[in-house]
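The values are calculated or read from the model by the stated rules, or taken from the named source; none is laboratory data. Only a predicted model underlies this, so the values are computations on that prediction, with no experimental measurement involved. Virtual Cβ from ideal backbone geometry, glycine too; neighbours counted across all protein chains shown. Remember, those area values only see protein heavy atoms, side chains included, never the ligands or the DNA or RNA. Shrake-Rupley method; radii C 1.70, N 1.55, O 1.52, S 1.80 Å.
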Amino acid sequence: MAEIVQNTNLGTRRKLELLLQEMDTICREIISQLYNSSSTNNNFDTQTLVDMFIERQNYLTQQIHVVREQQELERQLQMKRDEILKCDRALRCLQTYLLQAVQVLSSAVYQAREKLANIRRAKTFPSETIIRYAHQLASCYSTIAPDNWQQGDIRRPYPTNIAMNRGLLGRISEQTLQQQQQQQQQMNIQNSTINSTTVVNTSTTQNASSYTPVTTAVRPPKHDTTSFASDIFSTLNEETNATNCSSSDTDSDDDLL
Amino acid sequence: MNDDLIQTVVNDDRQRFLLDLEFVQTLANPQYLNFLAQRNYFKNPAFINYLKYLLYFKEDNYIKYVHYPQALYFLDLLQREQFRQELVNANYCRYIEDQQLLAWQRLQRRKSQLLNSAVGISTATNSNNNEVEGTNAQLSANAISTSTTANNTQIR
């Protein structure tokens, strides 16, 4: 029995089981001997059996001490395992933060590099010019809508009909239209009085420079740019490209908005 | 031609420049482009040459006079024959106009988001007034600079 108890390969539970089995058999043997005092084949004397029983009982108490120690160890092991789990969770959290930070930083670094490359490539202007131009663009809402813009607001990111009519083009076309109307009135007067066909010829020559309109548009034409357009095109075709208007250091024109 | 105004414009360099500037900026208006297309202006080679000539507004000296930078984007597109042909279609011009307005509003929403997030950050950190103003000014300047750089890249 001593070998079994000292055997380190056997678990405590197995040792306890074996001890209890042996104690059980010894008890039965003692009781049967006491009960059948007349039986002849006694392998073991009662005293021997009792000694054996006591020995096993001692071993049992020893093992129970061992069990207590092992329980304490097991408890501490469980505590350590819990701590490990906690640390594991914390590490995973940190890892996700790290990955996010890596992503953010890498994109930030990339954008910063792009910006630096842009800065190196760019032409330098004084910051005041840029700010003035930015203010100019922002003030007429050409690139960003006004904060209180709703559906039905007439403001647009391009010059509207009203603005165009107020400008140089609008005034020229108005003037041309007025002259055409005056000429038509004169023709009507002449028609009613003289009633000749020479009027028709002048009207055709008047419209010689105009294009044949394709009237698929529903709206009446807002700009009759035909009269001045031909003049401008003819002067432009005489000159070669890019005439430097060096005198145009004046600020933005008053006609637009 | 008996028009005094036309004669003064043609003879005076400044007036001619103003006319060019005005016309180039009207090209930002898709309805006007549709108008021009339907009256066959884009079939005239002299007009096409004029559009090519107007590209000088993209240079540094002249671009600072343009209030509507989208016009320069359309000017680039107008150099292409296919775009000029498509402009006759009124639906296409309406589509362009819708996209223009939507982009216009989207930039405004983005700007307000940036400003709101800047305000949110500043209130959350409970910094003093100077720092708040500094942050706001810096962030608003960033917002403006990103929009203008966006415009410049668009123009290029």
Task: residue A:9-residue A:46 pseudo-label distance in nm [points 7 Å out on the Cα-to-Cβ vector] - done: 4.0
Task: Accessible heavy-atom area order of A:79, A:164, A:187, highest first, probe of 1.4 Å - done: A:79, A:187, A:164
TODO: Once you've got the Cα coordinates, tell me which of A:115/B:111; A:123/B:43; A:115/B:58; A:115/B:64 are over 27 Å apart.
DONE: A:123/B:43
Open item on the list: Taking 22 Å as R0, compute the FRET efficiency from the Cβ-Cβ separation of residue B:80 and residue B:102 and round it to 0.05.
Closed with: 0.45
- [ ] Taking 7 Å along the Cα-to-C-beta vector as the label spot, tell me the residue A:81-residue A:171 distance in nanometres, rounded to one decimal.
- [x] 9.3
Task: Mean-position separation - Cα centroids, region A:131-178 and region B:5-33, in angstrom - done: 14
TODO: Provide the FRET efficiency to the nearest 0.05 for the residue A:155-residue A:188 pair, computing r from the beta carbons and using R0 = 51 Å.
DONE: 0.75
Task: Extension gain (nm, one decimal) between residue B:110 and residue B:63, 0.36 nm per residue minus Cα-Cα - done: 14.4 nm
- [ ] Please compute how much accessible surface disappears when A pairs with B, both sides summed, using a 1.4 Å probe, and round it to the nearest 100 Å².
- [x] 6100
Task: Angstrom value of the Kirkwood radius, inverse mean 1/r, which spans all Cα pairs in region B:1-88 - done: 13.8
Task: Accessible surface of region B:1-88, 1.4 Å probe, proportion on carbon and sulfur as whole % - done: 46
Open item on the list: Can you give me the Kirkwood hydrodynamic radius for region A:72-113, using every pair of distinct Cα atoms, in Å to one decimal?
Closed with: 12.6
- [ ] Determine how large the accessible area of residue A:99 is when every protein chain is in place; take a 1.4 Å probe and give Å² rounded to the nearest 10.
- [x] 110
- [ ] Using a 1.4 Å probe and counting only protein heavy atoms, arrange B:98, B:20, B:60, A:147 so the residue with the most accessible area comes first.
- [x] A:147, B:98, B:60, B:20
TODO: Show A:140, A:93, A:27 ordered by accessible area, largest first, where the area counts protein heavy atoms only and the probe is 1.4 Å.
DONE: A:93, A:27, A:140
TODO: Would you calculate the separation in nanometres between label points at residue A:64 and residue A:180, each defined as 7 Å from the Cα along the Cα-to-beta-carbon direction?
DONE: 12.1
- [ ] Run the numbers on region B:101-116: which residues show a drop of 10 Å² or more in accessible area, chain on its own versus all protein chains together, using a 1.4 Å probe over heavy atoms?
- [x] B:101, B:104, B:105, B:107, B:108, B:111
Open item on the list: Can you give me the C-alpha center-to-center distance between region A:94-114 and region B:36-81, rounded to a whole angstrom?
Closed with: 43
